[in-house]
Amino acid sequence: MSGRLAQRHVLVTGAGGGIGLAIAAACLDEGARCCVVDRAGDAPEAVRALQASHPGALHYLGADVTDRAAIAKLVIDARSHFGPIHTLVNNAAVFDMAPLLESDEASFDRLFAVNVKGLFFVMQAVLQQMVQLRTAGASVINMASQAGRRGEALVSHYCATKAAVISYTQSAALAMAPHGIRVNGIAPGVVDTPMWDQVDALFARFEELPPGEKKRRVGAEVPLGRMGVPEDIARAAVFLASDDARYITAQTINVDGGNVMS
């Protein structure tokens with residue numbers, strides 16, 4: 001690794017595993033110090049394993065991103081541990097699906113609470129600190145999805161939340177440009193994580209498919225011929241966090257093997 005993020009403090013939400021933890025690992029390999037956030041009070045086993053391999057460079061914070069008081073506390077705690085936050089990776093999200101005519105209010109509220117409200121207020125809190133401290137080269141990376149680029153019949157609420165992420169990314173980038181802070185997004189395609197096993201089970205239920213069939217199909221339909229892996233997304237995040245992307249802002253980059261062309 002090249003040390004592109006040497007001594008920078010990266011805060012990653014939704015990092016108990018999967019894409020979030022892969023991003024933290026890639027940032028650590030580039031010399032960053034990382035605070036990772038997830039809902040559990042104690043660090044999950046995968047986080048503890050990463051801590052063991054990067055002693056002193058990784059700190060875990062348990063927090064609920066739908067709670068404004070918890071957000072304020074995690075930003076203070078992160079700064080007290082590794083100093084001013086240089087890069088925020090807003091990755092915390094939840095997924096659900098149902099036929100449009102059967103979708104209920106509870107699912108709507110849960111998805112928007114985490115994927116939109118949580119993302120916005122974490123971003124706002126971190127940006128307030130970045131502006132106050134005039135953090136040089138600061139950046140935010142919001143995790144969108146190919147689902148935010150187009151609607152899907154069974155996934156209406158989730159698609160809408162990720163479309164909101166893309167819009168908030170653009171608005172925040174314009175608001176922060178005078179402060180020299182970049183705000184970008186990443187729109188992953190289908191990525192092979194434990195979350196996709198849950199997605200596959202839901203598709204099996206609603207589309208009457210055998211378990212594993214939806215996952216097999218979506219991987220085969222990717223132009224590059226496979227599902228993504230968390231490291232594919234992590235590489236893009238490191239690029240956007242680094243000075244290599246110093247003239248890139250207000251963009252949401254598709255990392256999806258060619259699924260979406262924009």
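The values are calculated or read from the model by the stated rules, or taken from the named source; none is laboratory data. What you see is a predicted model; the values in this text were computed from it and never measured. As a convention, Cβ positions derive from the backbone with ideal geometry for all residues, glycine included, and neighbour counts pool all protein chains shown.
Report the residue count in region 126-153 for those that are buried (at least 19 other Cβ atoms within 10 Å of the Cβ) and not polar (S, T, N, Q).
So the count comes out to 11.
Let me confirm something: among ALA25, ALA15, which residue is in contact (Cβ under 8 Å) with a residue 60 or more places away in the chain and farther than 26 Å from THR161 by Cα?
Just a single option satisfies the conditions, and that option is ALA25.
When GLY83 is evaluated against the numbered criteria (1) closer than 25 Å to ALA160 by Cβ; (2) in contact (Cβ under 8 Å) with a residue 60 or more places away in the chain; (3) in contact with a strand residue (DSSP E or B) (Cβ under 7 Å, 6 or more places away or on another chain); (4) among the small types (Gly, Ala, Ser), which criterion, by number, is the only one it fails?
So the condition that GLY83 fails would be (1).
Only one of these conditions is not met by ILE76: (1) in contact (Cβ under 8 Å) with a residue 24 or more places away in the chain; (2) loosely packed, with under 13 Cβ neighbours inside 10 Å; (3) over 20 Å from the mean Cα position of the chain (by Cα). Which number is it?
The failed condition is (1).
Does region 192-202 include one or more residues that are closer than 22 Å to GLU231 by Cα, at pLDDT 95 or above and buried (at least 22 other Cβ atoms within 10 Å of the Cβ)?
No - not one qualifying residue is present in region 192-202.
Being hydrophobic (A, V, I, L, M, F, W, C), at pLDDT 95 or above and either surrounded by fewer than 15 Cβ atoms within 10 Å (Cβ to Cβ) or touching a Pro at 6+ places or on another chain (Cβ under 8 Å) (or both) narrows it down to one residue among LEU119, LEU100; which is it?
LEU100 is the lone residue from the list that is hydrophobic (A, V, I, L, M, F, W, C), at pLDDT 95 or above and either surrounded by fewer than 15 Cβ atoms within 10 Å (Cβ to Cβ) or touching a Pro at 6+ places or on another chain (Cβ under 8 Å) (or both).
Return yes or no: is LEU58 surrounded by 17 or more Cβ atoms within 10 Å (Cβ to Cβ) and either hydrophobic (A, V, I, L, M, F, W, C) or without any contact (Cβ under 8 Å) to a residue 60 or more places away in the chain (or both)?
yes
Going residue by residue through region 52-72, is there one that turns out to be hydroxyl-bearing (Ser, Thr, Tyr), part of a helix (DSSP H, G or I) and at pLDDT 95 or above?
yes
Considering THR161, THR135, which residue is assigned to a loop (DSSP other than H, G, I, E, B), among the hydroxyl-bearing types (Ser, Thr, Tyr) and either at pLDDT below 95 or out of contact with any Ser or Thr (no Cβ under 7 Å at 6 or more places or on another chain) (or both)? Walk me through it before giving the result.
Working: THR161 fails: assigned to a loop (DSSP other than H, G, I, E, B).
Going through THR161, THR135 in turn, just one is assigned to a loop (DSSP other than H, G, I, E, B), among the hydroxyl-bearing types (Ser, Thr, Tyr) and either at pLDDT below 95 or out of contact with any Ser or Thr (no Cβ under 7 Å at 6 or more places or on another chain) (or both): THR135.
Would you mind finding the one in VAL218, VAL255 that is at pLDDT 95 or above, surrounded by 15 or more Cβ atoms within 10 Å (Cβ to Cβ) and closer than 28 Å to GLU102 by Cα?
VAL218
Does ALA106 meet the test of being assigned to a helix (DSSP H, G or I) and free of Cβ contacts under 8 Å to residues at least 60 places away in the same chain?
Yes, satisfied.
Would you please list the contacts, defined by Cβ atoms under 7 Å and residues six or more apart or on different chains, that run from a residue in region 230-251 that is among the hydroxyl-bearing types (Ser, Thr, Tyr) to a residue that is part of a helix (DSSP H, G or I) and surrounded by fewer than 20 Cβ atoms within 10 Å (Cβ to Cβ)?
THR249/ALA177
Hey, ARG217 hits all of (1) closer than 28 Å to MET176 by Cβ; (2) touching a Leu at 6+ places or on another chain (Cβ under 9 Å); (3) of a type outside the set (A, V, I, L, M, F, W, C) but one; which does it fall short on?
Going through (1) closer than 28 Å to MET176 by Cβ; (2) touching a Leu at 6+ places or on another chain (Cβ under 9 Å); (3) of a type outside the set (A, V, I, L, M, F, W, C) one by one, ARG217 breaks only (1).
Need the failing condition index for CYS34 against (1) assigned to a strand (DSSP E or B); (2) touching a Gly at 6+ places or on another chain (Cβ under 9 Å), just the number.
All conditions pass for CYS34, except number (2).
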